[in-house]
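Enquirer: Structure incoming, see below.
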Amino acid sequence: MTSLEPRPHPIRDAAASASKVFGVLGSLVTALVGFGVLTIAQGDALTGLLGAIPGVITAVTTVLVAFRVARQAEPHVTPLAEPRNHDGMPLVVDRTANPS
C-alpha cells in the first residue's frame, strides 16, 4: 500500500524559489529600463549579472562540498605511509627490527 502523503522535494523547492527570485529581479530590471530609471546598457548589465549569479553559486557550493567530503572522509582512511590503528599501534610488522 502506498502513502498518499506528498513526499518532500527540497531540491525542487529550492530551485523553484530561486527561479521565482531571479524572475522577479529580472522583471524589476526590465521595468526600471522601461520607465527610464536605468539605461538600456545598465539594464543589460544587471540582467547579465543576474544570469551569472547561479553559475557563481554553483561553483562555490561545488568547492565547499568537495572540501566537506574530504574532511569527513579523512578520519576513515588509513594512510599508506604509516598505517596505525585507533590505539596508535602500527598495522604493519616492522621486519627490520626482528629479521626472521
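Enquirer: It is to be established whether one or more residues within the range 37-46 are assigned to a helix (DSSP H, G or I), at pLDDT 85 or above and surrounded by fewer than 10 Cβ atoms within 10 Å (Cβ to Cβ).
Expert: Yes - at least one qualifying residue is present in the range 37-46.
Enquirer: For the structure I just gave you, tell me whether Leu32 is among the aliphatic types (A, V, I, L, M), surrounded by 10 or more Cβ atoms within 10 Å (Cβ to Cβ), within 22 Å of the chain's Cα centre (by Cα) and over 30 Å from Val92 (Cα atoms).
Expert: When the stated conditions are applied, Leu32 does not pass them.
Enquirer: May I pose another question? Which condition from (1) surrounded by 10 or more Cβ atoms within 10 Å (Cβ to Cβ); (2) outside any loop (DSSP other than H, G, I, E, B) is the one that Arg12 breaks?
Expert: Unmet condition: (1).
The values are calculated or read from the model by the stated rules, or taken from the named source; none is laboratory data. No experiment lies behind these values; they were computed from the predicted model shown. Every residue, glycine among them, receives a Cβ derived from its backbone with ideal geometry; neighbour counts consider all protein chains shown.
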